[in-house]
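Heads up, the thing below is written out as structure tokens.
The values are calculated or read from the model by the stated rules, or taken from the named source; none is laboratory data. Nothing here was measured: the structure is a model prediction, and the numbers come from that model. Please note: Cβ atoms are built from the backbone with ideal geometry, for glycine as well, and neighbour counts cover all protein chains shown. Areas reflect the complete protein model, heavy atoms only, side chains present, ligands, DNA and RNA absent. Shrake-Rupley method; radii C 1.70, N 1.55, O 1.52, S 1.80 Å.
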Amino acid sequence: MDKNVALVTGASSGIGTAAVSSLADAGYAVMAAGRNAARTEALRSRSPDVRTWVGDIRSAEACRKLVSACIEQFGRLDLLVNNAAETPRKRKETREGIERQFATNVLGYFWMMETFTELLRNSADARIVNVASYWAGGLDLQDLEFENRPYHNDSAYRQSKQADRMLTVAFAHRLRSFGIQVTACHPGDVN
């Protein structure tokens, strides 16, 4: 493949959909990953260079499946955009017993960066962009999953985005020696 390859999580709506379109318009081949099958598959009509993967990055196993799909479709990766997020109104858990917002918004980013590092190392210009938020803050390291206090989705969201900022700093340091740039951004509000 002659084009640079980008993978965007949370591609089925909002910032993710806009990122897929912008990257395809900029000449990237794009793997659009999203939970909503109909909206994710509809992204194929935006460009012949958009491929899709329907699934949920709230488990390490799903992230490994996504790596396999990316290798099968493109054989490489140059840009990883971690955008997937979840903000359930009530506390819910994954099958593994992890609070869902923490699993998707924080562990999902961690697992994506961990599982895609090897593939990104093969790129001459590898980058990871983590979508954070200007609203980030209030991280309670003693209760990351709201097990010991009442769940409030705004607080859980703010906390998860602060954790994303911290992950970004940690991975930027960790992956620098491989030539992989890691940054966080807040692209603005989306209706």
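Brief remarks follow.
- Computed magnitude of the charge dipole of the chain (debye, nearest 20; Cβ of K, R +1, Cβ of D, E -1): 160 debye
- Those GluC sites (Glu not before Pro) in the range 94-167 that DSSP places in a loop and that have at most 12 other beta carbons within 10 Å: Glu96, Glu147
- The residue list Phe110, Gly75, Gly97 was ranked by how far each Cα lies along the charge dipole of the range 68-127 toward its positive end, using unit charges on Cβ atoms, and Gly97 comes out on top.
- Over all distinct Cα-Cα pairs of the range 1-59, the Kirkwood formula returns a hydrodynamic radius of 11.0 Å.
- Solvent exposure of the range 64-175 as accessible area per residue, Å², 1.4 Å probe: 49 Å²
- Cα-centred dipole magnitude for the range 100-191, charges only on beta-carbon of K, R (+1) and D, E (-1), debye, nearest 20: 260 debye
- Over the chain, volume per residue of the alpha carbon convex hull, in Å³: 112 Å³
- Ala172 versus Glu96: modelled label distance in nm, points set 7 Å from Cα along the beta carbon direction: 2.6 nm
- Gap separating the Cα centres of the range 114-160 and the range 21-35, nearest whole Å: 22 Å
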